[in-house]
Every structure is written in C-alpha cells, then in structure tokens.
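**Student:** After the structure tokens below, expect a handful of questions from me.
The values are calculated or read from the model by the stated rules, or taken from the named source; none is laboratory data. All figures in this text were calculated on a predicted structure; none of them were measured in a lab. Here the Cβ is made from the backbone with ideal geometry for all residues, glycine too, and neighbour counts use every protein chain on show.
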Amino acid sequence: MLVRPLTGRLPRLPLPRGAVDTQIHIYLPGYPAQPGGPGLPVGSLPTPEQYRQFMTWLGIDRVIVTQGNAHQRDNGNLIACLAEMGSVAKGVAVIDETTADAELDALAAAGVVGARIMDLPGGAVGLSALEAVDARASARNWMVAVQFDGSNILDHEARLSNMQSRWVFDHHGKFFSGVTPNSPQIDALKRLIDKGRCWFKFAGCYESSKSGGPDYEDIAAVARELAAYAPERIVWGTNWPHNLAKQQADYPDDADLTDTVLGWLPDEHARKLALVDNSEALFGLTAYQE
C-alpha cells in the first residue's frame, strides 16, 4: 500500500513567508470518481487533514486546490475541501459553456478563483472549449489553468495569444516530445508570456521529464531559461499527492523535490517572486499578512 510521508527533514531552501502551493488535489470521503476520468488516488485518501500536515512540514502558508480529473465536471468535492481548508485555500474548478450562472456563483462563494483546461487523457474539459471557458473566467476575473502537450504549442499559439483571462501554462508545459531552451516551442512560450497574461508553473516535473530524477536536467534547463527570461511569471506547486504514483517506489521525496525545483530559481528574491508575489498576481490573492 502506498503511504504518503507527511513529515521529514526540512527543505534546505526555506520557503518564504506567505508561500503559495499552486498545484494540489485533495479529497474527502463520499465523492466517488466519475465516468470518463481516472479513479481516485491509490492508498489512503489524500484529505485536507493530511495536506495541512504537509503544509506544516514544508512551510507552505497558502494553497490553490485544483479540481481532480477523477471528479470530472462534478465540483462537489472541491467545494467541500475548500470549506475544510478555510481561508488559506482557493480553488480552480472545471466549468464550460453549459455551466449555469448559479453554479458559478456558488463556486465563487466557495473560494474558486480559476477554471481548468486539461487536454490530456482523463481531462474533463479540453482545448476545444478554450474560448468559452476563457470568456466565462474573464467575466469573473478568474484565471485559467491550461494543460496540454506543449510539444504542440505552435498549433495553439494564436488561440492562446487571444486569451482575455490571466492564465498559466501548467506542469512545466508537458513537452512530451522533449525541448531545449532553444526550441521553437520555448520561443512561442516567450511570445505568449510577453503578451502579459501568461504565467508558467513549476509543478510535476517528473510527469514529462525524459532524463528523469533526481535532477530532471531536461526540465531544469528550460525552467532556468524561463526563470531568467520572466522571473515575474513563474509560479510553483508541489503537485501533492502525486497522483500518478501507484507504488511506493514511484513516490518522490517531497523535501528533495522541493529543493531540486526551487534550485532552478536563481536566488532568494526569485523564490519570493515565484512562491508569493507571482501567485498573488495570477490568482488574485490578497497580499499576505503575518
């Protein structure tokens, strides 16, 4: 049975006060997986209570909870988890052009500040709905989290360039075919960043790395390039509870992973930008108060 460690050695690179983990999923009992998506995570259910222990371990102060693919377009678990987490948490939900205004109102009242596009197997709403989701998010000043195989970003650049919402290119871009800092896909990403509404998320590096851990050097090279190019556009997330891990051997050491990924940012100032200031700007959070 997979066991998720919730404590251990502290990261060597301490997180700044107000740090935001911008990529997690959490679950409560009573919300079964929905048709079309993957099952619930293996092992014990990764609950809000467990994640609060995880926050204490790593030094995280705030969190963005993303609707998991297991629940597809049923945001009930997300709403319940946001209520359990309280003021430290905001959410990213799944919506589309058919979502009723009353549901959007309820999501906003629950703490939702964004919508999710997931154009990969198991995703609930893909790129075909990009413009519709963008319009509804923009009308409420929400952001949009966009995830797809970044190897194909040139095919989608024009549509992404026209987005009206603040948006983040998720999970290190998931360039499944592999890229280098000099690849045309990275040039396209820089052009999108230059438009002023695009951020880039450091989360889940192991999901698309070809060189693998512990250094993920292929992902690291692109991450360093983008952090130098646009330090004000990088955000960070743990990707807890690492849903793709099906057995203990696949589960990362979260302190090691945190040190590795934060090490791609050049200095303490860049880490504060990525973990605090940039996250506040992207998700519309209020400035952190001690």
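**Student:** Could you list all residues from region 144-155 that are buried (at least 20 other Cβ atoms within 10 Å of the Cβ) and closer than 26 Å to Leu40 by Cβ?
**Tutor:** Val144, Ala145, Val146, Gln147, Phe148 - these are the residues of region 144-155 that are buried (at least 20 other Cβ atoms within 10 Å of the Cβ) and closer than 26 Å to Leu40 by Cβ.
**Student:** Just the residues that are at pLDDT 95 or above, buried (at least 16 other Cβ atoms within 10 Å of the Cβ) and either in a helix (DSSP H, G or I) or aliphatic (A, V, I, L, M) (or both), please, taken from region 239-257.
**Tutor:** Hits for region 239-257 are Asp254, Ala255, Leu257.
Matching residues to (1) buried (at least 22 other Cβ atoms within 10 Å of the Cβ); (2) in contact with a Cys (Cβ under 6 Å, 6 or more places away or on another chain); (3) not hydrophobic (A, V, I, L, M, F, W, C):
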residue	(1), (2), (3)
Gln34	no, no, yes
Gly37	no, no, yes
Gln50	no, no, yes
Val63	yes, no, no
Ala80	no, no, no
Gly91	yes, no, yes
Thr99	no, no, yes
Gly114	yes, no, yes
Val133	yes, no, no
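**Student:** Can you run down the residue pairs with Cβ atoms below 8 Å, 6 or more apart or on separate chains, where the first is in region 43-55 and among the basic types (Lys, Arg) and the partner is assigned to a helix (DSSP H, G or I)?
**Tutor:** So the pair list comes out as Arg52/Met85.
**Student:** Now a separate question. Do we find a residue being in a helix (DSSP H, G or I), farther than 24 Å from Phe176 by Cβ and without any contact (Cβ under 8 Å) to a residue 40 or more places away in the chain anywhere in region 258-269?
**Tutor:** Checked against the condition, which is being in a helix (DSSP H, G or I), farther than 24 Å from Phe176 by Cβ and without any contact (Cβ under 8 Å) to a residue 40 or more places away in the chain, region 258-269 yields at least one hit.
**Student:** Here's something else I'd like to know. Yes or no: region 221-230 includes at least one residue that is touching a residue at least 40 places away in the same chain (Cβ under 8 Å) and aromatic (Phe, Trp, Tyr).
**Tutor:** Taking every residue of region 221-230 in turn, none turns out to be touching a residue at least 40 places away in the same chain (Cβ under 8 Å) and aromatic (Phe, Trp, Tyr).
**Student:** Then there is this: Scan region 68-118 residue by residue and report those that are assigned to a loop (DSSP other than H, G, I, E, B) and of a type in the set (S, T, N, Q).
**Tutor:** Gln72, Asn75, Thr98, Thr99
**Student:** Here's another thing I want to ask about it. Only one of these conditions is not met by His172: (1) at positive phi; (2) in a loop (DSSP other than H, G, I, E, B). Which number is it?
**Tutor:** (2)
**Student:** Of all residues in region 84-99, how many are under 18 Å from Asp61 (Cβ atoms), in contact with a strand residue (DSSP E or B) (Cβ under 8 Å, 6 or more places away or on another chain) and of a type outside the set (Val, Ile, Thr)?
**Tutor:** 4
**Student:** I would also like to ask the following. Hey, among Arg191, Arg197, which residue is of a type in the set (D, E, K, R), more than 20 Å from the chain's Cα centre (by Cα) and under 24 Å from Met143 (Cα atoms)?
**Tutor:** Arg191
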